[in-house]
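Engineer: Okay, handing you the structure first.
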Amino acid sequence: MLPEWLRDKQFVFIIGAPRSGTTWLYKVILSHPDTVALGNEVSLFNNYIAPLSNNFDKELEHNKLKNIKYGLPHVWNKGQFDEFIFSFIENFYSSLKEKPDSKLILEKNPLNSRYVDLIHYYIPNAKFIHIIRDGRDVAFSWNKIFFWNADFAAACKNWVDAKNAAKKAKQFTGNYYELHYEDLVLHPITQLSAIFKFCNINASEELINSIVAETTGEKSMVSNPDSNTSYSDRVSKTPLWKKRLSKMQIHIATKILGKDLIEEGYEKDTKWGLGPIENKFYSIRISAIEFSSKVKRNIKTFIKSLLYKTA
């Protein structure tokens, strides 16, 4: 298990889909004097512990099925492997030992949404704060920064997958807190009071007001690629997606996000989308685009095969 000095700390992991306000929430919570962090989006679990753990478990299962002795499980049993991981985690956070007065260790990496079971296994007292933002706004922003405006449908699917993966942390009763980005924007004091209470750290009304004053507003909340979206736009009663999405994107969002938007309370039904005639038009248009792309790929493949034969 983890050493006592780490067990005495409260770990809090901010999870959720990228572009959902995870970075902003991280800055808000980190403003509390009892909170420390090693940095924004450290990759301890997703890039290191998860691959090691997955490989060990695969080899262990393989050895059982084949009744052979192979790989690391041939040398270590599961308990020894876990001790290695606990030691790895301790070394990773060792610099925080110099800050004994800190009560909360904060982590923010949207990719941790897919590893909540693993995090809970090695840090049983870990708390998860899941921030959810309207999937239409997330997909728009995600499409700009990760897909260079090329695949809005993929951005929509990623929001659904990441959100639902993060919700698996609900199983850890008492250690899961869910909030909506829009509620945090509109009611920061109320939301922050509830967040600090969940994190088991004291925060006076004066401190919360000070943090809200420092971490909300034009500069503190806006990040690329949304730098053209003002703070007033974010607190407006008119949802951002209504100003941002094209009719094609609305059609795609209705098909991919419809059910989840209803589940999250953003819509009561799918009537927010286009009418039946426009939906039919964009369905035909998408089919035509996909057919054209398929033809182009086949032509390229055919030309490459001819060049290969004549070479």
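The values are calculated or read from the model by the stated rules, or taken from the named source; none is laboratory data. Remember, predicted model here, so these are calculated numbers, not experimental data. Glycine also receives a Cβ, built like all others from the backbone with ideal geometry; neighbour counts cover every protein chain displayed. Ligands, DNA and RNA are stripped out before the accessible areas are found, and what is left, the full protein with its side chains, is counted by its heavy atoms. Shrake-Rupley method; radii C 1.70, N 1.55, O 1.52, S 1.80 Å.
Engineer: Kindly check whether there is at least one residue in the stretch 2-14 that is β-branched (Val, Ile, Thr) and surrounded by fewer than 16 Cβ atoms within 10 Å (Cβ to Cβ).
Structural biologist: No.
Engineer: Collect the residues in the stretch 16-64 that are acidic (Asp, Glu) and more than 13 Å from the chain's Cα centre (by Cα), keeping them in residue-number order.
Structural biologist: Our first condition is that a residue be acidic (Asp, Glu); within the stretch 16-64, this holds for 34, 41, 57, 59, 61.
Once the filter is applied, which keeps residues that are acidic (Asp, Glu) and more than 13 Å from the chain's Cα centre (by Cα), the stretch 16-64 yields Asp34, Asp57, Glu59, Glu61.
Engineer: I'm trying to understand the selection: among the residues of the stretch 81-126, which are under 27 Å from Asp161 (Cα atoms), part of a helix (DSSP H, G or I) and in contact (Cβ under 8 Å) with a residue 12 or more places away in the chain?
Structural biologist: Selection gives Pro110, Leu111, Asn112, Ser113, Arg114, Tyr115, Val116, Asp117, Leu118, Ile119, His120, Tyr122.
Engineer: Continuing with this model, one more query. What is the number of the single condition among (1) surrounded by 10 or more Cβ atoms within 10 Å (Cβ to Cβ); (2) modelled with pLDDT under 75 that Lys259 does not meet?
Structural biologist: Every listed condition holds for Lys259 apart from (2).
Engineer: Identify, from the list Glu83, Glu61, the residue that is exposed (fewer than 15 other Cβ atoms within 10 Å of the Cβ), within 29 Å of Gln171 (Cα to Cα), at pLDDT below 95 and of a type outside the set (S, T, N, Q).
Structural biologist: Glu61
Engineer: Follow-up question, since we're still on this one. If Pro73 satisfies all but one of (1) surrounded by 13 or more Cβ atoms within 10 Å (Cβ to Cβ); (2) under 27 Å from Asn200 (Cα atoms), what's the number of the condition it fails?
Structural biologist: (2)
Engineer: Here is a further query. Criterion first (in contact with a Leu (Cβ under 8 Å, 6 or more places away or on another chain) and under 27 Å from Pro3 (Cα atoms)) does Ser113 satisfy it?
Structural biologist: On the way: in contact with a Leu (Cβ under 8 Å, 6 or more places away or on another chain): no; under 27 Å from Pro3 (Cα atoms): yes.
Criteria not met by Ser113.
Engineer: As an exercise: evaluate Asn54 against (1) open to solvent by 30 Å² or more (accessible area, probe 1.4 Å); (2) polar (S, T, N, Q); (3) touching a His at 6+ places or on another chain (Cβ under 9 Å) and give the number of the one condition it does not meet.
Structural biologist: Asn54 satisfies all of (1) open to solvent by 30 Å² or more (accessible area, probe 1.4 Å); (2) polar (S, T, N, Q); (3) touching a His at 6+ places or on another chain (Cβ under 9 Å) except (3).
Engineer: Just name the residue that is farthest from the chain's Cα centre (by Cα) out of those in the stretch 127-142 that are part of a helix (DSSP H, G or I) and hydrophobic (A, V, I, L, M, F, W, C).
Structural biologist: My answer is Phe140.
Engineer: Among the residues of the stretch 38-49, is any closer than 29 Å to Lys144 by Cα, in contact (Cβ under 8 Å) with a residue 12 or more places away in the chain, of a type in the set (Phe, Trp, Tyr) and open to solvent by 30 Å² or more (accessible area, probe 1.4 Å)?
Structural biologist: Scanning the stretch 38-49 turns up at least one residue that is closer than 29 Å to Lys144 by Cα, in contact (Cβ under 8 Å) with a residue 12 or more places away in the chain, of a type in the set (Phe, Trp, Tyr) and open to solvent by 30 Å² or more (accessible area, probe 1.4 Å).
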